[in-house]
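Chemist: Structure below; questions to follow.
The values are calculated or read from the model by the stated rules, or taken from the named source; none is laboratory data. Small disclaimer: the values here were computed from a predicted structure and weren't measured. Cβ placement follows ideal geometry from the backbone for every residue including glycine, while neighbour counts extend to all protein chains displayed.
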Amino acid sequence: MKLTLRQLEVFLSIAHFENVTQAANRLALSQSAASTALKELEQRFGIHLFDRVGKRLQLNELGQRMRPRAEALLAQAEDFERRLTSSEDFGVIKVGATLTIGNYLAVGIIARFMSLHTNSRIELNVENTRAIAARIHNFELDVGLVEGELQDPDLEVLPWRDDELVLFCAPGHPFAKRRVLTDSDLLEAKWIVRETGSGTRQAFDRAMTGLLSNLNLLLELQHTEGIKRAVEANLGIGCLSRLTLEDAFRRGSLVLLEAPHRNWQRKFYFVLHRQKYRSSGIDSWLELCSNYSEG
């Protein structure tokens, strides 16, 4: 064997941080030890994996091609080691979830997973669909749970579960007495919506096909709670996942509206990098998500 797992760890850590010192700190190595490991790897095969850009080390074309293979090889080695010890400790699984999923579904799934696998840990990162896709593409996350559809040849996007967007307003809004809205009502309304790049906004834009360019988008906010508060203050009407609104509807602080002539159905998706090794821990996480019921 002409390379070591430690050399792969150093290569991947430098690829992540684009800095030898930060990579060494992450691996609890001295800077010189990390530099030596990378130098030995490159010299042994007569290659260069990085270009120096100012103070950064940036992956060159060869490094970019080798990175997913190195990620997969190291993940396989870690999984093999756990299987040798017959351990159900899956280590750390890095999960990205969009806001609706992260705030209203993921915590329950994490609690269930950790009750079944007590020595494992889930790191949850809550961001919008675009940001999660970028982090999976860069091997910073193991799996994403997203609301938006993606088109990326490097990413595997798998349907997970159905969801529904709903319209809502404050009890004092004129639409609260009407409940069922026409296209004319939708055009008349002032809207409080999610930001571009979010899965909820993507689904909203699709549902509003033919009207979108003429809608009055008063506010675009990154957080569902901010949208709910703005609608409660009667600044306009909103559109979010039904998951996020059940409590508010029960309390009566928000009122459900309908526009049944438009399609408010959507799906949630799993997102994984096609070239990332799918460990037994990731498989267990996906299986639990698929079978999870919040009820």
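Chemist: Looking at Q76, Q64, which one is of a type in the set (S, T, N, Q), outside the structural domain of T200 (by TED's automatic domain parsing) and within 15 Å of N138 (Cα to Cα)?
Modeler: Checking each option against the conditions leaves just Q64.
Chemist: Suppose we keep only residues that are touching a strand residue (DSSP E or B) at 6+ places or on another chain (Cβ under 7 Å) and farther than 13 Å from V166 by Cβ within region 227-247. Which one would you say is surrounded by the most Cβ atoms within 10 Å (Cβ to Cβ)?
Modeler: G236
Chemist: I need the full set of residues from region 107-128 which are closer than 16 Å to G148 by Cα, outside any strand (DSSP E or B) and of a type in the set (A, V, I, L, M), in order please.
Modeler: Hits for region 107-128: nothing passes.
Chemist: How about region 226-248: which of its residues are farther than 26 Å from Q151 by Cα, in contact (Cβ under 8 Å) with a residue 24 or more places away in the chain and not polar (S, T, N, Q)? Write out each step before concluding.
Modeler: Filtering region 226-248 down to residues farther than 26 Å from Q151 by Cα leaves 226-238, 244-248.
The next check asks that each one be in contact (Cβ under 8 Å) with a residue 24 or more places away in the chain; those that pass are 227-228, 230-238, 244-245, 248.
Selection gives I227, K228, A230, V231, E232, A233, L235, G236, I237, G238, L245, A248.
Chemist: Of the residues L165, L155, L187, L150, which single one is closer than 21 Å to S213 by Cβ and surrounded by 15 or more Cβ atoms within 10 Å (Cβ to Cβ)?
Modeler: Details: L155 fails: closer than 21 Å to S213 by Cβ; L187 fails: surrounded by 15 or more Cβ atoms within 10 Å (Cβ to Cβ); L150 fails: closer than 21 Å to S213 by Cβ.
So the residue among L165, L155, L187, L150 that is closer than 21 Å to S213 by Cβ and surrounded by 15 or more Cβ atoms within 10 Å (Cβ to Cβ) is L165.
Chemist: Among (1) surrounded by 15 or more Cβ atoms within 10 Å (Cβ to Cβ); (2) of a type outside the set (A, V, I, L, M); (3) within 30 Å of the chain's Cα centre (by Cα), there is one condition E61 misses while meeting the rest; what is its number?
Modeler: Every condition holds for E61 apart from (1).
Chemist: Output the qualifying pairs, or none if there are none: Cβ atoms under 6 angstrom, residues six or more apart or on different chains, first residue in region 141-154 and under 20 Å from H16 (Cβ atoms), second residue in a loop (DSSP other than H, G, I, E, B) and basic (K, R).
Modeler: Once the first residue is under 20 Å from H16 (Cβ atoms) and sits in region 141-154, its partners that are in a loop (DSSP other than H, G, I, E, B) and basic (K, R) give D154/R274.
Chemist: Output the number of residues of region 250-279 satisfying the condition of being free of Cβ contacts under 8 Å to residues at least 12 places away in the same chain and either in contact with a strand residue (DSSP E or B) (Cβ under 6 Å, 6 or more places away or on another chain) or not assigned by TED's automatic domain parsing to the domain that holds D205 (or both).
Modeler: Going residue by residue through region 250-279, those that are free of Cβ contacts under 8 Å to residues at least 12 places away in the same chain are 250-251, 278.
From what is left, the residues that are either in contact with a strand residue (DSSP E or B) (Cβ under 6 Å, 6 or more places away or on another chain) or not assigned by TED's automatic domain parsing to the domain that holds D205 (or both) are 278.
Total satisfying the criteria: 1.
Chemist: Please tell me if I110 is surrounded by 15 or more Cβ atoms within 10 Å (Cβ to Cβ), in contact with a Leu (Cβ under 8 Å, 6 or more places away or on another chain) and free of Cβ contacts under 8 Å to residues at least 24 places away in the same chain.
Modeler: yes
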